[in-house]
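**Q** One structure follows; several queries about it will come next.
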Amino acid sequence: MPSRNLVELHRLQAERLGPRSALRFKRHGLYHDLPWSQYRADALACAAALADVGVRPGDRIGLFAENRVEWLVADIGALTAGAVNVTPHAPLTARQVQYELADSGASWLFVSTREQLAKIEQVRAKLPEVRGIVTFDGLTPSPLPSPPGGEGKGEGDVCSWRSFLQRGRRRLAALAGELARREANLGPESLATIMYTSGTTGPPKGVMLTHGNLVSNVEAVLASSPSRPEDIRLSWLPYSHIYARTVDHYHSIACGVVLCLAESVDSLLFNLAEIHPTHMNSVPRFYEKVYAHAASDDPAQTTKRLRDFFGPRIDFLCSGGAPLPPPVAKAYDDAGLLVLQGYGLTESSPVISFNTKEHYKLDTVGQPLPGVEVRIASDGEVLTRGPHVMKGYWKKPEATAEALRDGWLYTGDLGELDADGFLKITGRKKELMVLSSGKKVVPPQLEGLLLADPCIDQAVICGEGRNFLTALVVPNWGNLRDALTAEDVHVNGDEEALARDPAVRVLLQRRIDEALKDVSSWERVKKFVVLPRSFSVENDEMTVSLKLRRNVIFAHYNKQLEELYKKD
């Protein structure tokens, strides 16, 4: 029977699987397993401690940390207490975190490292509703200024995760009945989380997702693509983002498979070799970089390298969060590795459609999930309706009314449905570029063609209102050096010097022309800027889910782009 809420989903699975492994994680160089029974016990202790310090059903709890076991336990613990999670992304600045915590009215906060606690220290006086902080690393914090009116029981407290759980265990017997009542009162319409969209433009909006939204989405994904008891999933995408939170965290609970936590994005390939997972969810950027590293003039060598990267047990891979360039998907398919695309957004919990192993088309994002409706508006916008659609934006009724109309969520994406019901995303309404000639261009499609070239690591198409297209290109410097050497062209210097080298420009121009040879004449890149460094989250040029912030990028490189058009 479908679960009424996420807490029930977790409780029933823990009761069923008991001593079996739920989570696998690495600490001090060694892998450890957390059994379902301990997972449940720790979540209950966390919930009891929250209730004991005065957290009431519906109160907001901040969870500001990188991926780690404590994140997962604290998430379930807060939900078990009937609270609503607010999950700022770990790379955010102090000011950005302050906005989300203050806007949501968070009353308690879980923090991971000294670095994250330092961000909170900077803005603590501006967070009057935060009454206490729990530190995962057991830190001894600097004295934190008390917020206005912050005297009294529990006010201004800072304690370690271990001591917080001990408090909960001591109080659990007395609070067990209260926690059971809180779980029973959680229905499909009960708010589970407020997730702030990182947004490619404008200030973030708090997406309100209910227990019913998330449970329905997890169960629809499971119905569409069943798991096997022996499956092992490697997880590395940030749980503060809805993609990983649903398809890694909650989905693993629903199907009872082992969820293995990668140490970090930098160690992902090493962890792949250690874990040998059967499945992994990722974003196109990762698959592009792996392919660029593995690509060879010998197709057999490319296949071997890709297969070696993902190990002998891999069944299929999943991609979401952004469009996967079709040439990259085909390269993996040619190597015998199936990369299945899905589609969704934070406002839809997130999965709207998904390719399955039995029914897929590589150039689409699959068919809508069971219970999910999709239709295409007259202007090409993708609309969706069903139990997965958000409750609305926190304290933003006007934005909610704009996004939700007559029960349909207006996604802002452009798409089309084929005769078999497979959805293809053709671009973003706001990203549609119009040249001075009136010709329309969809930048992500062209960028996908460029990224299929192993010598191109990142690319951004420019040209709104102009008479031709230009591009900002970040080379894959290792592959580019190899390509030049293969042509007996020898270059010296660091990336800054190479970005100015005429030989580099000649090679890239030839490859750009080849990549875009089959598009219309107005869709071809006439001029480009070679950049020595990648676009990054740290420079605010990409969101945490690795989507390009085009307005920020254009602002950063406006001078170089203007020079390209002046020279015409």
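**Q** Quick one: which of Glu523, Glu487, Glu538, Glu496 is within 30 Å of Leu92 (Cβ to Cβ), over 27 Å from the mean Cα position of the chain (by Cα) and modelled with pLDDT under 95?
**A** Step by step, each of Glu523, Glu487, Glu538, Glu496 is checked, and only Glu496 is within 30 Å of Leu92 (Cβ to Cβ), over 27 Å from the mean Cα position of the chain (by Cα) and modelled with pLDDT under 95.
Here is a yes/no grid of residues against (1) at pLDDT below 95; (2) in contact with a helix residue (DSSP H, G or I) (Cβ under 7 Å, 6 or more places away or on another chain); (3) assigned by TED's automatic domain parsing to the domain that holds Lys357; (4) more than 28 Å from Pro88 (Cβ to Cβ):
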| site | (1), (2), (3), (4) |
| --- | --- |
| His249 | no, yes, yes, no |
| Ser264 | yes, no, yes, no |
| His276 | no, no, yes, yes |
| Thr302 | yes, yes, yes, yes |
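**Q** Here's something else I'd like to know. How many of the residues making up the stretch 317-355 are assigned to a strand (DSSP E or B) and not aromatic (Phe, Trp, Tyr)?
**A** Going through the stretch 317-355 one residue at a time, the tally reaches 11.
**Q** Just the residues that are outside any strand (DSSP E or B), polar (S, T, N, Q) and within 28 Å of Gln445 (Cα to Cα), please, taken from the stretch 372-421.
**A** Passing the criteria: only Ser378.
**Q** Let me ask something else about it. Any idea how many residues of the stretch 536-558 are of a type outside the set (S, T, N, Q) and under 18 Å from Ile242 (Cβ atoms)?
**A** Looking only at that region, the number is 5.
**Q** Report yes if Leu546 is under 22 Å from Val442 (Cα atoms), at pLDDT below 90, surrounded by 17 or more Cβ atoms within 10 Å (Cβ to Cβ) and among the aliphatic types (A, V, I, L, M), otherwise no.
**A** Yes, satisfied.
**Q** While we're here: Restricting the stretch 349-378 to residues that are among the polar types (S, T, N, Q) and touching a helix residue (DSSP H, G or I) at 6+ places or on another chain (Cβ under 7 Å), which is surrounded by the fewest Cβ atoms within 10 Å (Cβ to Cβ)? Break it down into steps so the answer makes sense when it comes.
**A** So the first thing to find is which residues in the stretch 349-378 are among the polar types (S, T, N, Q), and the list is 349, 353, 355-356, 364, 367, 378.
Then drop every residue that is not touching a helix residue (DSSP H, G or I) at 6+ places or on another chain (Cβ under 7 Å), which leaves 349, 356.
On the way: Ser349: 33, Thr356: 15.
It comes out as Thr356.
**Q** Let me ask you something else. Report, ordered by the first and then the second residue, all pairs with beta carbons closer than 7 Å, sequence separation of six or more or different chains, a first member in the stretch 468-486 that is of a type in the set (Gly, Ala, Ser), and a second member that is part of a helix (DSSP H, G or I).
**A** The qualifying pairs are Ala483/Leu507.
**Q** If you don't mind, there's one more thing I want to ask. Quick check: anything in the stretch 505-518 over 22 Å from Tyr565 (Cβ atoms), in contact (Cβ under 8 Å) with a residue 12 or more places away in the chain, among the basic types (Lys, Arg) and not in a loop (DSSP other than H, G, I, E, B)?
**A** Yes, the stretch 505-518 has at least one match.
**Q** List the pairs whose first member sits in the stretch 111-137 and is assigned by TED's automatic domain parsing to the domain that holds Val73 and more than 16 Å from Trp71 (Cβ to Cβ), whose second member is at pLDDT below 95 and of a type in the set (D, E, K, R), and whose Cβ atoms are under 6 Å apart, counting only residues at least 6 apart or on separate chains?
**A** Every condition considered, the pairs that remain are Arg131/Glu155; Gly132/Asp157.
**Q** I'd like the residue in the stretch 70-98 that is over 17 Å from Leu127 (Cβ atoms) and not hydrophobic (A, V, I, L, M, F, W, C) and, out of all such residues, is modelled with the lowest pLDDT.
**A** Among residues in the stretch 70-98 that are over 17 Å from Leu127 (Cβ atoms) and not hydrophobic (A, V, I, L, M, F, W, C), the one modelled with the lowest pLDDT is Pro91.
**Q** Go through (1) free of Cβ contacts under 8 Å to residues at least 40 places away in the same chain; (2) more than 12 Å from Val525 (Cα to Cα) one by one and return the number of the condition Ala459 breaks.
**A** If we test Ala459 against (1) free of Cβ contacts under 8 Å to residues at least 40 places away in the same chain; (2) more than 12 Å from Val525 (Cα to Cα), just (2) comes out false.
**Q** Also, quick follow-up: Tally up the residues in the stretch 481-532 that are polar (S, T, N, Q) and under 30 Å from Glu464 (Cβ atoms), please.
**A** Looking only at the stretch 481-532, we keep the residues that are polar (S, T, N, Q), and these are 485, 492, 509, 520-521.
Filter once more, keeping what is under 30 Å from Glu464 (Cβ atoms): 509, 520-521.
Final tally of qualifying residues: 3.
**Q** If you don't mind, another one. What single numbered condition from (1) under 22 Å from His241 (Cβ atoms); (2) more than 20 Å from the chain's Cα centre (by Cα); (3) surrounded by fewer than 22 Cβ atoms within 10 Å (Cβ to Cβ) fails to hold for Val382?
**A** (3)
**Q** Filter the stretch 236-259 down to residues that are under 16 Å from the mean Cα position of the chain (by Cα) and either at positive phi or among the β-branched types (Val, Ile, Thr) (or both), then give me how many there are.
**A** Of the residues in that region, 3 qualify.
**Q** Next question, about the same structure. Name the residues in the stretch 233-285 that are among the small types (Gly, Ala, Ser) and part of a helix (DSSP H, G or I), would you?
**A** Within the stretch 233-285, Ala244, Ser252, Ala254, Ala273 qualify.
**Q** Do you know which residues across the stretch 96-137 are touching a helix residue (DSSP H, G or I) at 6+ places or on another chain (Cβ under 7 Å) and among the basic types (Lys, Arg)?
**A** Lys119, Lys126
**Q** Taking the residues in the stretch 460-498 that are in a helix (DSSP H, G or I) and of a type in the set (Gly, Ala, Ser) as candidates, determine which candidate is surrounded by the fewest Cβ atoms within 10 Å (Cβ to Cβ).
**A** Ala486
**Q** Then there is this: Hey, among the residues in the stretch 1-40 that are small (Gly, Ala, Ser) and in contact (Cβ under 8 Å) with a residue 60 or more places away in the chain, which one's nearest to Val218 (Cα to Cα)?
**A** Applying the filter and picking the extreme gives Ser3.
**Q** Consider the stretch 409-453. How many of its residues are farther than 20 Å from Gly366 by Cβ, surrounded by fewer than 18 Cβ atoms within 10 Å (Cβ to Cβ) and not aliphatic (A, V, I, L, M)?
**A** 8
**Q** Looking at (1) crowded, with 23+ Cβ neighbours inside 10 Å; (2) modelled with pLDDT of 95 or more; (3) assigned to a loop (DSSP other than H, G, I, E, B), which is the only condition Ile314 fails?
**A** (1)
**Q** Then there is this: Those residues that are in a loop (DSSP other than H, G, I, E, B) and surrounded by fewer than 19 Cβ atoms within 10 Å (Cβ to Cβ), I need them from the stretch 519-542; list them, please.
**A** Val519, Ser520, Arg524, Pro532, Arg533, Ser534, Ser536, Val537, Glu538, Asn539, Asp540, listed by residue number.
**Q** Output yes when any residue across the stretch 447-457 is out of contact with any Pro (no Cβ under 8 Å at 6 or more places or on another chain) and part of a strand (DSSP E or B), and no when none is.
**A** No: zero hits.
The values are calculated or read from the model by the stated rules, or taken from the named source; none is laboratory data. A quick note: this is a predicted structure, and the numbers were derived from the prediction, not measured. Here Cβ is always computed from backbone atoms with ideal geometry, including for glycine, and neighbour counts include all displayed protein chains.
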